[in-house]
Each structure stands twice: as C-alpha cells, then as structure tokens.
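K.L.:
Let me begin by handing over the structure; questions about it come next.
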Amino acid sequence: MFKGRANPEAAKAFLERHGVNLGQVREFCGVPVSALALGTYLGEMNEVIDMKVALAAVAAVEHGCNFFDTAINYRGQRAERSLGEAIKRLVLAGKARREELFVSTKGGFVPYEKEPTSDLTKLFEAEYVSRGIVKSADLVGGCHCMEPAYLDDQIERSRKNLGIETIDLYYIHNPETQLEELPERIFYEKLERAFVKLEEAVKEGRIAAYGLATWNGFREEPGSQTALQLEKCVLAAEKASDAVGAACHHLRAIQLPLNLAMPEAALMKTQRFGQNLYSAVDAASVLDVSVAVSVPLFQARLCHNLPDFILEKFPKDLSQAHCALAFATGFNGVDAAMVGMKQPDHVNHDLEFLKRKPLSETELREVVSSMLA
C-alpha cells in the first residue's frame, strides 16, 4: 500500500506544474483539486474495460487531473482495482506522487466480486452474515447496508483494492436508500452510528474525511420520503465526533447530480434552515461542506443536440460537451464534477476544459435565465 494522503501543498504544486487554469483549481475537503475528476462508474465487467479505466486515469494525470472518484460496487470492485493499478503505475513511473492525488470512494451497496450475481441477498448472507459482521435484517432493500461493522469491512476492502493506506474521502453511498424502509428518526440514529465508525476510521488514519454520495436525497422537497436534510446530517456528525473525542467532525463533502437536464441541486430550494429554504449547493456552502457533482454530461447525452437557446448563451468556441461541463462546474459552491472517461479521445477533449477559464457569473446567469424562461 502507498502511504500518505492528498496534501494541500503537493496538490497545488501538481496543478501549477500541469498548467491548470486558476479558475479550474478548486478546494475540496481542504485540498486543491482540478475542477474535473475522473469518474469510474460505467463499463462492462471485463479485463478490457479494466485496462481502459487504468490507462484513462494515467492519461488524466498527464492533463492535470488530480481527482479520482470510484466506489466499491462499481463494476464488481473492478473500478477500484483499475484505479489502484493506475495509481501504482503513476507513482512507480514518477509521473505523480501519492500526496498529489485526491481519491474518493464509496460504500453502502453490496458489491459483487468481479462478476454479477442474481441474488445479492444470498451473497450478503454468505459474505457478511455468516462471518458475524452483520445480521440478515441489516440488509435494506435487498442491496444496501450502512451498519458500522459493515462499513468497517468495506473500508478495508477499498483500501486493498486501491492500494493506498489512507482514502482521502469515504462516502456512504446513497444513504437515502435506507429511508425507503425506515422512519426518519431511526434513519438519523443509524446515520449517527455510522458516522461514529467513520470518525474512528479518521482517527486511525484509514480515511481522511467522509461524506454522503447521493442521487435523490438532497434534491427532493422537504417532507418527501427519501429526502435528506444536510443540517440534520451535520448534527449527526457533530454528535459522532463528540462520541469519539474528536476536536471537530469530519463530514466534509456531499456528492449529487447536477447538469443542464438536472439542475435541481443548484436551482431548487430543498434544504430547510429555520423558516428559510436553500438549494443543496447553497446549504453546503453555509455548512462548510464541499460539493462534488455527478453526471455533468448526463452519461454523454449532453455532448450533442443541445438546444440553440442554450448554446447561444455560451462562448462560441466551446464544444457542447464543454458547455455542459462549464454549467455543472460554474455555480459558486460547486467544487468539482465527476466525468466518466475511458476512451483516449474523450480524456483528451474533456480535460482540455481544465486549461480554459470558467464561465463568468454573468454568463452563468444568462444560461440559467434562458433555461427558466
């Protein structure tokens, strides 16, 4: 395992060395990162895709990307292992140091072992219940678990898959899945217990921080069954940090979708503070929580056929993919966007965006106005 973690000074020097535009350098969990991160979600479970992901990660570093996002359940743990292979190649070849790279992963969904299975409940029983890690009743929705002992196991698997001693950010993956079966009060009690385990993992140096990676949770109206309130999550983190004697909590980030087709995270007021409502992105800023956005290209749907009334608001020399990336990363409070890239030409094109200056506030405002009109 490579020792160390992302370091602010080393990461800043990396981005400067690779000529990343200052406007595309963001602070995420206290570490300077590129505004675009390499995402690793999609792809078939085979060795060909494994190698493409590893090579894409190596190429991304050469373009100035120092942020990588994955999850243990992506491609049956293959995504983490592919990224681990890339980190090994980069460090051993002297192309990057561990301290220059920010790595986030996720746990919660029951992961396959390389190949999919038709019965996750059976896998959960064989892999976790039979070993005394959890009880059968701890599996929610036939796919999700966030019991402390389970997360502890998943962290160790992810560290091994990635080949790194310390994971820079460890997300609980789609925690709102639990709200499909649990009352809100019970959910936040479970979340606090999970956070206690993650605070312990921080003290042990196995992770540097933790967060919540969501799909619907922070974008739904208050009162919806699977809606998450960030203020309540932070309160649970504060209680957890007190329980382990930490000076402060380490809930440092959230991840949620944001793109031209799904703008709710920035434009819909879903987060309540007293009598006021804020968007998820604004609420995170108020609570000093970093924001990473997923699907900025809506799985390539926004790389072409954008309507003229949208395109005319962007600089004329931007490709449609760059327009979509500029929107997703343009809001104040958004720190980075996760972009899935496996093909060399996609890496070359998408990451060229890091050399450009971001949209101005006026340009972004005009795009939003045209959408709302």
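K.L.:
Which entries in LYS160/LYS342; LYS106/LYS357; LYS3/LYS122 show an alpha-carbon gap greater than 25 Å?
P.N.:
Violating the 25 Å Cα-Cα cut-off are LYS106/LYS357; LYS3/LYS122.
K.L.:
Turning to a different aspect of this structure: Applying a 10 Å radius around every beta-carbon, put 352-362, 56-66 in order of their mean neighbour count, most first.
P.N.:
Ranked from most to least packed, the peptides come out as 56-66, 352-362.
K.L.:
How are the Cα pair distances of region 212-254 distributed, in percent, across 10 Å bins from 0?
P.N.:
Spelled out bin by bin, region 212-254 gives 29, 44, 23, 5 percent.
K.L.:
Fewest to most neighbouring Cβ within 10 Å: what's the order for LYS135, LYS106, LYS197?
P.N.:
LYS135, LYS197, LYS106
K.L.:
For region 1-63, count all C-alpha to C-alpha pairs, find those more than 20 Å apart, and express that count as a whole percent of the total.
P.N.:
39 percent
K.L.:
Looking at the chain, send over the antiparallel percent of its DSSP beta bridges, to the nearest 5.
P.N.:
Within the chain, antiparallel bridges account for around 30 percent of the total.
K.L.:
Can you give the local net charge around THR70? Use residues other than it whose beta-carbon is closer than 11 angstrom to its beta-carbon, Lys and Arg +1, Asp and Glu -1.
P.N.:
Spelling it out: positives minus negatives among the neighbours equals +2.
K.L.:
Another question, then. How large are Rg and Dmax for region 125-263 when only the alpha carbon atoms are used, in Å?
P.N.:
Considering region 125-263 through its Cα atoms, Rg and Dmax are 15.0, 46 Å.
K.L.:
Also, I was wondering about something else. How charged is the neighbourhood of TYR278? Take every other residue with its Cβ under 10 Å from the Cβ of TYR278, and add Lys/Arg as +1 and Asp/Glu as -1.
P.N.:
0
K.L.:
Report the semi-axes of the equivalent ellipsoid for the chain in whole Å, largest first, where each axis is √(5λ) for an eigenvalue λ of the Cα gyration tensor.
P.N.:
Each semi-axis is the square root of five times an eigenvalue, giving 30, 25, 20 Å.
K.L.:
Here's something else I'd like to know. Roughly speaking, what is the stretch gain from LYS88 to GLU231, that is 0.36 nm per residue apart minus the C-alpha to C-alpha distance, in nm to one decimal?
P.N.:
Once the chain is fully extended between LYS88 and GLU231, it gains 47.6 nm.
K.L.:
In addition: To the nearest Å, what is the center-to-center distance of region 198-224 and region 23-54, using C-alpha atoms only?
P.N.:
Centre-to-centre (Cα) distance: 19 Å.
K.L.:
Taking neighbour Cβ counts within 10 Å as the exposure measure, how do ARG185, ARG206 sort from fewest upward?
P.N.:
ARG185, ARG206
K.L.:
Under the rule of -39500 (n - 2.57) per DSSP H run of 4 or more residues, summed and divided by the residues of the chain, what mean residue ellipticity at 222 nm is obtained, to the nearest 500 deg cm²/dmol?
P.N.:
-11500 deg cm²/dmol
K.L.:
Between GLU113 and ASP288, how many nm apart are label points set 7 Å from Cα along the C-beta direction?
P.N.:
4.3 nm
K.L.:
What does the charge add up to near ALA57, with Lys and Arg as +1, Asp and Glu as -1, over the other residues with Cβ less than 12 Å from its Cβ?
P.N.:
Net charge around ALA57: +1.
K.L.:
Rg (Å, one decimal) plus Dmax (Å, integer) for the alpha carbons of region 64-148?
P.N.:
Final numbers for Rg and Dmax: 16.0, 47 Å.
K.L.:
Karplus couplings for region 236-245 from phi (6.51 cos²θ - 1.76 cosθ + 1.60, θ = phi - 60°), rounded to Hz, Gly and Pro as x?
P.N.:
After applying 6.51 cos²θ - 1.76 cosθ + 1.60, I find 5, 5, 5, 5, 5, 5, 4, 5, 9, x Hz.
K.L.:
Now a separate question. Which one of PHE187, PHE124, PHE309 has the biggest mean-square fluctuation once the chain is modelled by GNM with Cα springs under 10 Å?
P.N.:
Comparing PHE187, PHE124, PHE309 in a Gaussian network model of the chain, the most mobile one is PHE309.
We did not get these values from a lab; they are worked out from the coordinates using the rules stated. Quick caveat, the model's predicted, so the values are computed rather than measured. Methodologically, a virtual Cβ is constructed for each residue, glycine included, from the backbone with ideal geometry; neighbour enumeration extends over all protein chains shown.
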